[in-house]
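Computed from the coordinates by the stated procedures, all read-outs in this text should not be read as laboratory data. Computed from a prediction, not measured in an experiment: that's the story for all the values here. So basically every Cβ, Gly included, is an ideal-geometry build from the backbone, and we count neighbours across all protein chains shown.
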Ligand SMILES: Nc1ncnc2c1ncn2[C@@H]1O[C@H](COP(=O)(O)OP(=O)(O)O)[C@@H](O)[C@H]1O
Ligand SMILES: [Mg+2]
């Protein structure tokens, strides 16, 4: 069995749609029968509650996984099976909550090969097709570690100055790791930049004219600096927030009817990434 394809959804700016993208993409892959794992590595646990689990409930997180495997030397498979939970058909979750702070400290306390601990921890993870990682917007030890674990980085951004800055910070961080660790040491590829919460009109349902101009400017700057990196837009839809309130992904909230623009756009993204990542018809681990 293969290791899963790891996708880390990352931007050093909060509120740009990282968690929404992570859980929606994961739900889409699961619907397409890929055995999918979500790692919620954010202490806020939004991916966990977005997938229907109360984050105040007791559950295992990266902290316990790290301690059981690295400190108590228990076999990864045995421990992981007990900690992960199935939240939908083909969709599994290692939850996140405030304990992620302690997990981050545990990673930071290591003196050698600090940035590779998650890669080491998950090297025995088999039986999943895809693993989607949701992180906090800070540049913590965990975030660095996910850059070393992931095969791909997916960078959502809102088309405004801060969304753009957060994206630039991720790219700058990535190139400094490449300088230090060498090309071979940092294998992750940026799969694309994903504009989220996009509003294309002005007026009552849209944005102010100057915001639209800023969005156009950011889009143009990205196209010029990084040709072919922009993924198709995810449009703004009020249903995303309604789904969030009912602790569901937009796909579940709409029963896979793709009523809202955001659901349509996320499904297009699932299909596009499926083609790019699984086009060689790799056998599914989950089947
Ligand atoms: N396409 C969208 N349309 C409308 N609201 C959205 C959309 N994507 C995300 N949101 C909302 O924006 C807020 C921030 O999204 P979130 O995924 O939590 O971002 P992050 O994880 O980057 O902090 C949430 O309230 C979410 O419901
Ligand atoms: Mg988030």
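Scanning segment 199-216 for residues that are under 24 Å from the mean Cα position of the chain (by Cα) and either in a loop (DSSP other than H, G, I, E, B) or surrounded by fewer than 16 Cβ atoms within 10 Å (Cβ to Cβ) (or both) turns up just one, 199. Note on segment 167-180: among residues that are over 15 Å from residue 225 (Cβ atoms) and touching a residue at least 12 places away in the same chain (Cβ under 8 Å), the one that is farthest from the chain's Cα centre (by Cα) is 177. For segment 217-242, residues that are part of a helix (DSSP H, G or I) and free of Cβ contacts under 8 Å to residues at least 40 places away in the same chain total 9. What number of residues within segment 21-50 are assigned to a helix (DSSP H, G or I), more than 11 Å from ligand 1 (Cβ to nearest atom) and under 16 Å from residue 248 (Cβ atoms)? Matching residues across segment 21-50 total 7. The set of residues from segment 135-166 being closer than 30 Å to residue 210 by Cα and either away from ligand 1 (no atom under 12 Å from the Cβ) or touching a helix residue (DSSP H, G or I) at 6+ places or on another chain (Cβ under 8 Å) (or both) comprises 136, 137, 154, 155, 156, 157, 159, 160, 161, 163, 164, 165. As a summary of the residue check, residue 36 satisfies the conditions (1) more than 11 Å from ligand 2 (Cβ to nearest atom); (2) under 10 Å from the mean Cα position of the chain (by Cα) except for the one numbered (2).
All conditions but one from (1) surrounded by fewer than 14 Cβ atoms within 10 Å (Cβ to Cβ); (2) out of contact with any strand residue (DSSP E or B) (no Cβ under 6 Å at 6 or more places or on another chain) apply to residue 189; the one that does not is (2).
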